[in-house]
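Peer 1: Below is the structure I would like to discuss, written out as structure tokens.
The values are calculated or read from the model by the stated rules, or taken from the named source; none is laboratory data. It should be emphasised that the depicted structure is a prediction, and the values quoted were computed from it without experimental measurement. Here Cβ is always computed from backbone atoms with ideal geometry, including for glycine, and neighbour counts include all displayed protein chains.
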């Protein structure tokens with residue numbers, strides 16, 4: 001089928017047979033909401049569609065519904081996920097396997113609509129798994145995988161698309177048969193549910209020590225989730241012929257300069273790498289698909305031959321740098337002979353990161369004498385880079 | 001394949017923060033500035049009942065199907081539920097909180113239902129003959145029977161004197177059988193006598209029962225009633241043609257038929273007048289023509305029970321209201337003629353005393369063969385009781401029924417109280433307390449204060465006989481309608497007993513009102529709010545956000561956990577019956 005990323009995500013959600021969907025429309029996620037509503041209208045959704053008054057309520061509804069033992073889905077973006085923030089902590093703390101699609105969009109102010117990863121990366125510490133996808137097919141496949149992962153580790157998962165790049169671009173997408181998905185993803189069997197015959201208080205107050213125990217238990221689940229994500233992806237590959245890995249790598253085995261990035265920049269980069277390879281440059285790509293839990297050991301392993309590493313972030317942590325760069329450096333610190341990391345912050349507010357732009361990133365990374373302390377924004381101006 | 005990594009939920013370390021017990025972390029009780037207080041209160045029905053019957057407890061017991069226990073609760077205060085369940089004027093229903101919601105509960109039908117269906121051995125939990133003292137009770141009407149019953153339950157030796165050949169007083173010789181069948185009365189009297197009460201029948205005071213004999217008792221309770229009908233005209237030569245309501249009713253079965261068929265004018269607007277008219281109607285085989293009831297009151301002001309008036313009208317009896325008799329013309333060989341003038345009735349708001357004031361000059365003359373006067377009764381005491389002060393022809397008593405003679409107590413009609421069964425029973429009960437205190441040398445005033453229900457003269461007998469372990473009740477406080485959370489109740493129709501068809505019933509003395517069927521009564525029982533009474537609904541437990549309501553097993557009470565109760569007041573709102581109230585913390 002020829003589908004936009006939003007539609008692909010909606011198809012993925014429907015194939016997973018959620019029983020409760022609670023959402024609130026927001027650009028650029030609205031088409032997901034509209035597609036699900038259309039199915040609801042024609043009676044083919046198979047879920048209760050709750051049209052709630054805010055994203056905060058949407059997440060509250062998903063948490064409560066999930067605690068009753070049903071599969072839940074929601075989608076949001078930008079200000080929506082910011083409003084949801086408080087409840088995101090509740091969801092992971094309550095260990096409910098909700099799947100959320102976030103379509104990256106810049107956060108106000110100023111008001112803007114285009115892609116920027118800061119909205120989802122701001123939710124880094126909420127205890128959710130995060131998977132960043134590069135195209136529409138991956139969006140569909142990842143939503144289905146996310147349920148399998150979440151319901152295994154009992155943590156919620158966020159599948160992240162990019163506003164307008166993936167959300168509104170149309171691509172050929174293979175939509176799997178419902179029976180195959182049902183085989184891969186059996187009905188949700190909760191370990192515990194709300195039971196009126198055994199009344200209990202959920203999310204009660206705990207002691208300091210109990211709190212620590214809960215947080216440590218969640219951390220263990222997060223750490224364990226890495227292998228689960230890999231195993232689910234492998235099994236999905238066996239069944240459906242598409243496998244993505246926690247890191248999606250391209251021509252990086254013998255690469256001297258490796259670009260690390262996430263989302264759609266990763267697919268543009270493949271073209272730039274092919275061009276550079278034709279010119280004899282040993283360059284490659286590591287696209288980080290799984291951001292939480294951060295696959296530290298896998299990242300270190302994938303970069304063990306790299307002489308230099310470039311990172312492109314379509315996000316910025318003010319006062320620091322791009323979040324992927326920061327996380328990468330933290331991972332590499334465990335390696336004694338770690339390669340220098342050159343941090344680029346590009347494409348903020350949805351500006352295009354083109355193949356020529358990516359070629360320039362490789363060029364600069366090769367040329368630079370020292371690793372700049374602060375991230376590089378202006379790759380066209382050599383003076384700004386201190387040449 | 002994916003390893004199953006789903007953690008196993010362990011009791012000690014659950015994966016999901018959930019708790020089925022109290023949240024033990026913060027002793028949030030320190031945030032409290034108000035605390036819930038569990039206090040059973042008096043329901044307004046009980047407060048209004050002159051006898052102080054614990055009505056809501058009886059409803060609660062009956063709701064669980066235990067009719068015997070419910071009747072036992074009733075008999076704690078009222079030995080005559082079969083009588084009151086038929087003829088009481090229902091002050092309880094007037095006060096019922098349910099009136100503000102839909103309609104009052106049918107408490108009287110419930111009382112009758114208990115008496116018709118329940119069985120209780122009143123001797124089971126009392127110590128009969130536990131005391132030395134002997135007490136004479138003179139008169140076996142409701143006041144006398146009530147005093148005998150309550151005193152016997154405390155353990156005194158009772159001798160009950162009655163002038164008539166049978167016990168029951170006006171309940172037997174005044175209230176007609178179609179309102180109160182004799183077997184019901186017999187059954188209730190037997191139950192009272194089962195307490196070991198000695199009976200002396202045919203002992204008219206002054207004739208067979210002298211002062212000396214009375215004085216030989218440790219205490220005497222006078223409940224002789226008002227036996228003699230008041231007269232307005234000098235009967236002169238027409239004794240046969242002018243009689244009183246009470247004498248008519250006492251002999252309702254034996255009047256010769258030719259007298260009954262005479263054209264009859266009944267003067268009076270009370271129950272006696274109507275009872276005379278209805279009895280006469282029945283003795284005549286249902287023919288109402290030639291029977292006229294005439295009274296100075298308007299229909300609304302008539303002192304008779306509204307239902308009795310309604311039934312009489314249904315039966316086709318004629319009422320002429322607003323006329324007072326002024327003159328009798330009795331000429332030999334002619335019909336009697338009574339002249340009436342228009343009248344109005346002035347009712348004193350405080351005392352309830354009635355004054356009939358004729359006005360204008362218009363005269364309505366009624367020709368009749370016979371006049372039956374039913375305008376009240378008077379005391380007929382053939383002997384002097386030395387030391388017992390009389391006042392306006394009645395025995396003078398204080399509010400406890402004490403006469404001026406320390407050993408002599410009195411209640412009921414002979415002391416000028418309300419001429420209604422329930423009030424007479426209440427008088428007997430209070431008299432029993434006064435006699436008990438006298439014999440125990442205790443201060444009746446103080447005793448009553450501890451037992452008193454609200455500000456009424458009714459009191460709770462629990463402590464007196466020590467025979468019941470009910471939940472403690474704050475007797476001083478009445479549960480008002482605004483304390484009821486009506487969200488927990490739905491509108492339901494009040495059930496009414498079936499009544500015999502007016503045409504057929506006016507030919508017989510069969511009881512008019514029928515007992516309510518069990519199925520309908522169950523429905524009526526379920527309507528009771530249970531005002532101020534904890535019935536273990538446990539809404540408080542369900543609604544408490546801090547799981548701080550504690551259920552005690554023995555005794556079955558509820559408490560709150562002061563370590564955690566934040567004083568939010570949810571329990572007091574969720575209590576449908578106004579049992580839980582918030583009280584300011586003393587800092």
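Peer 1: Considering each of B:459, B:409 in turn, give the residue that is touching a strand residue (DSSP E or B) at 6+ places or on another chain (Cβ under 8 Å) and more than 16 Å from residue B:46 (Cα to Cα).
Peer 2: None of the other options fit; the residue is B:409.
Peer 1: Turning to a different aspect of this structure: From A:58, A:10, A:47, which residue is more than 18 Å from residue A:144 (Cα to Cα) and either out of contact with any helix residue (DSSP H, G or I) (no Cβ under 8 Å at 6 or more places or on another chain) or crowded, with 17+ Cβ neighbours inside 10 Å (or both)?
Peer 2: From the options A:58, A:10, A:47, the qualifying one is A:58.
Peer 1: Any idea which of A:231, A:212 is without any contact (Cβ under 8 Å) to a residue 40 or more places away in the chain and away from chain B (no Cβ under 11 Å)?
Peer 2: Exactly one residue qualifies, and that residue is A:212.
Peer 1: Is it the case that region B:212-219 has a residue that's within 15 Å of residue B:169 (Cα to Cα) and either part of a loop (DSSP other than H, G, I, E, B) or in contact with a strand residue (DSSP E or B) (Cβ under 8 Å, 6 or more places away or on another chain) (or both)?
Peer 2: No, region B:212-219 contains no residue that is within 15 Å of residue B:169 (Cα to Cα) and either part of a loop (DSSP other than H, G, I, E, B) or in contact with a strand residue (DSSP E or B) (Cβ under 8 Å, 6 or more places away or on another chain) (or both).
Peer 1: Out of region A:187-209, which residues are more than 7 Å from every other protein chain (Cβ to nearest Cβ) and not in a loop (DSSP other than H, G, I, E, B)?
Peer 2: Listed by number, the residues that qualify are A:208, A:209.
Peer 1: Tell me, which helices (runs of 4 or more DSSP H) wholly within region B:253-338 include 2 or more residues that are under 21 Å from residue B:418 (Cβ atoms) and under 31 Å from the mean Cα position of the chain (by Cα)?
Peer 2: B:271-283, B:306-314
Peer 1: Name the one entry in B:401, B:476 that is buried (at least 19 other Cβ atoms within 10 Å of the Cβ), at pLDDT 90 or above and within 21 Å of the chain's Cα centre (by Cα).
Peer 2: B:401
Peer 1: Taking residue B:377 and the conditions (1) touching a strand residue (DSSP E or B) at 6+ places or on another chain (Cβ under 6 Å); (2) over 26 Å from residue B:248 (Cβ atoms), which numbered condition does it fall short on, given that it satisfies the others?
Peer 2: The single condition residue B:377 does not satisfy is (2).
Peer 1: Sticking with this one: Considering only residues of region A:373-384 that are touching a helix residue (DSSP H, G or I) at 6+ places or on another chain (Cβ under 9 Å) and surrounded by fewer than 15 Cβ atoms within 10 Å (Cβ to Cβ), which is nearest to residue A:300 (Cα to Cα)?
Peer 2: The extreme case among them is A:377.
Peer 1: Residue A:225 - would you say it is closer than 17 Å to residue A:363 by Cα and at pLDDT 95 or above?
Peer 2: no
Peer 1: If the requirement is being in contact with a helix residue (DSSP H, G or I) (Cβ under 6 Å, 6 or more places away or on another chain) and either within 23 Å of residue B:390 (Cβ to Cβ) or modelled with pLDDT of 90 or more (or both), which of these qualifies: B:246, B:292, B:272, B:267?
Peer 2: B:272
Peer 1: Given region B:514-587, what helices (runs of 4 or more DSSP H) lie entirely inside it while holding 3 or more residues that are surrounded by fewer than 19 Cβ atoms within 10 Å (Cβ to Cβ)?
Peer 2: Filter on region B:514-587 gives B:518-525, B:539-543.
Peer 1: With the requirement that a residue be within 22 Å of residue B:511 (Cβ to Cβ) and either within 18 Å of the chain's Cα centre (by Cα) or crowded, with 23+ Cβ neighbours inside 10 Å (or both), what does region B:155-180 give you?
Peer 2: Listed by number, the residues that qualify are B:167, B:168, B:169, B:170, B:171, B:172, B:174, B:175, B:179, B:180.
Peer 1: I would also like to ask the following. Report, by residue number, each residue of region B:339-360 that is surrounded by 10 or more Cβ atoms within 10 Å (Cβ to Cβ) and part of a loop (DSSP other than H, G, I, E, B).
Peer 2: B:359
Peer 1: Identify, from the list A:272, A:221, the residue that is part of a helix (DSSP H, G or I) and more than 28 Å from residue A:144 (Cα to Cα).
Peer 2: Only one candidate qualifies: A:272.
Peer 1: Looking at this structure, is residue A:221 at the interface with chain B (Cβ under 9 Å from one of its Cβ atoms) and closer than 30 Å to residue A:46 by Cα?
Peer 2: When the stated conditions are applied, residue A:221 does not pass them.
Peer 1: Has region A:316-339 got at least one residue that is surrounded by 14 or more Cβ atoms within 10 Å (Cβ to Cβ) and over 30 Å from residue A:92 (Cα atoms)?
Peer 2: Yes, region A:316-339 contains at least one residue that is surrounded by 14 or more Cβ atoms within 10 Å (Cβ to Cβ) and over 30 Å from residue A:92 (Cα atoms).
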